[in-house]
Amino acid sequence: MCSRPEPPEPLRRVAVVGGTHGNEMSGVCLARYWLRAPGELQRPSFSAVPVLANPAATAACRRYVDCDLNRAFTSAFLTARAHPDDPYEVTRARELNQLLGPKASGQAFDFVLDLHNTTASMGTCLVAESSHDVFAMHLCHHLQLQSPELPCRVFLYQLPGEESYSVHSVAKSGLGLELGPQPQGVLRADLLARMRALVAAALDFIQLFNQGPGGRDGLRHQASHTGTAFPAFEMEAYRKVSSVDFPRTETGDLAGTVHPQLQDRDFEPLRPGAPIFQMFGGKDVLYEGESTVYPVFINEAAYYEKGIAFFQTEKLTFSVPALPGLAPAPSPAP
């Protein structure tokens, strides 16, 4: 399934973005800290740039001011003529596109890591557009290997034929970190530490890739005797299929809530006939699909306004091809 070619050159332009949503506090606080003290993001072959994506929303501790910034990186928004009445986040998306892109251009940043929290019980989730980005899949695999005792699942959000719209889509490659559960506007020490460790591990992987075959063996646990720096592997991921709204009244008000047997069971199998909602009158609403799905972002607070109670995903396993190491730089002439 992976088809996007691997990076032919070292990754030099890397950004770590926090505050895309202004009330997801792990990324907000880390971005603010790194803007003051960026040394933690430096590696021998590159220095990642910290970015506070949505300053107005973070100042107000709101998800957004006018519209969702993480849905604003489409060609329709990025290429339209600017107007004074444009939503704040559309204007900000264009600014970020100039800073980190332009999208789909050779001048774009090599990699963007975007930091998020969720109110859903997603644990540690790695969010990618699709399985086609070989480098991102290898990075996901690397992060999973760092803490094998902790679930670290991969969520593929892009539907077939759908244009990418997230902040990390402006770069040549990118990944979102989604950690939860954490209430909006609240900072949990355990999730802050986990996110910080994941960012460090991601930057270490980029450094490892940039080093080429002559890099330090201490980080090269994936190396094989064949000389391939990053061998092929089988990846398990959850691919978005559709969204499911809450039961509603004729006027659009909520008529029920997520069923207790579904609540907090993100990434677990949902089989036909299982309860998914509990009506306020007490009746259970059952899942009527024909096949098993895996719900994610169950009861996410930010998705009420979008008419989403949860996403249905399919669980799949696919082969990720080897990622060859970079050729070592030639030695200087004597």
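The values are calculated or read from the model by the stated rules, or taken from the named source; none is laboratory data. Because the structure is a prediction, the values reported are computed rather than measured. Here Cβ is always computed from backbone atoms with ideal geometry, including for glycine, and neighbour counts include all displayed protein chains. What goes into the accessible areas is simple: the full protein's heavy atoms, side chains included, and nothing from ligands, DNA or RNA. Shrake-Rupley method; radii C 1.70, N 1.55, O 1.52, S 1.80 Å.
Go through the stretch 183-207 and count every residue that is over 21 Å from Ala37 (Cβ atoms) and either crowded, with 22+ Cβ neighbours inside 10 Å or aromatic (Phe, Trp, Tyr) (or both).
Going through the stretch 183-207 one residue at a time, the tally reaches 1.
Take the residues of the stretch 15-41 that are in contact (Cβ under 8 Å) with a residue 12 or more places away in the chain and assigned to a loop (DSSP other than H, G, I, E, B): which is nearest to Val167 (Cα to Cα)?
Here the answer is Thr20.
With the condition kept exactly as written, say whether any residue in the stretch 28-51 is buried (at least 20 other Cβ atoms within 10 Å of the Cβ), out of contact with any strand residue (DSSP E or B) (no Cβ under 7 Å at 6 or more places or on another chain) and within 18 Å of Leu192 (Cα to Cα).
Within the stretch 28-51 (the criterion being buried (at least 20 other Cβ atoms within 10 Å of the Cβ), out of contact with any strand residue (DSSP E or B) (no Cβ under 7 Å at 6 or more places or on another chain) and within 18 Å of Leu192 (Cα to Cα)), the answer is no, since none of the residues qualifies.
Return the only residue of Glu314, Glu250 being of a type in the set (Asp, Glu) and exposed (fewer than 12 other Cβ atoms within 10 Å of the Cβ).
Only one candidate qualifies: Glu250.
So which residues in the stretch 129-178 are surrounded by fewer than 16 Cβ atoms within 10 Å (Cβ to Cβ), of a type outside the set (Ser, Thr, Tyr) and outside any helix (DSSP H, G or I), if there are any at all?
His132, Pro148, Glu149, Leu150, Pro151, Leu159, Pro160, Gly161, Glu162, Glu163
Listed here are the residues, each with its yes/no results for (1) open to solvent by 20 Å² or more (accessible area, probe 1.4 Å); (2) farther than 30 Å from Asn23 by Cα; (3) of a type in the set (Ser, Thr, Tyr); (4) not in a helix (DSSP H, G or I).
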| position | (1), (2), (3), (4) |
| --- | --- |
| Ser243 | yes, no, yes, yes |
| Phe246 | no, no, no, yes |
| Thr257 | yes, no, yes, yes |
| Gln263 | yes, no, no, yes |
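Of everything in the stretch 317-326 that's open to solvent by less than 50 Å² (accessible area, probe 1.4 Å) and of a type in the set (Gly, Ala, Ser), which residue is modelled with the lowest pLDDT?
Filtering first and then ranking leaves Gly325.
Under 6 Å between Cβ atoms, which residue pairs at least 6 apart in sequence (or on different chains) link something in the stretch 45-69 that is assigned to a loop (DSSP other than H, G, I, E, B) with a partner that is among the acidic types (Asp, Glu) and modelled with pLDDT of 95 or more?
Pairs that qualify, where the first residue is assigned to a loop (DSSP other than H, G, I, E, B) and the partner is among the acidic types (Asp, Glu) and modelled with pLDDT of 95 or more, are Tyr64/Glu89; Asp66/Glu89; Cys67/Glu89.
Taking the conditions exactly as written (polar (S, T, N, Q), within 20 Å of the chain's Cα centre (by Cα) and open to solvent by 10 Å² or more (accessible area, probe 1.4 Å)), does Asn54 satisfy them or not?
No: the conditions fail for Asn54.
If Arg12 satisfies all but one of (1) farther than 22 Å from Ser164 by Cα; (2) without any contact (Cβ under 8 Å) to a residue 60 or more places away in the chain; (3) in a loop (DSSP other than H, G, I, E, B), what's the number of the condition it fails?
Among (1) farther than 22 Å from Ser164 by Cα; (2) without any contact (Cβ under 8 Å) to a residue 60 or more places away in the chain; (3) in a loop (DSSP other than H, G, I, E, B), the lone unmet condition for Arg12 is (2).
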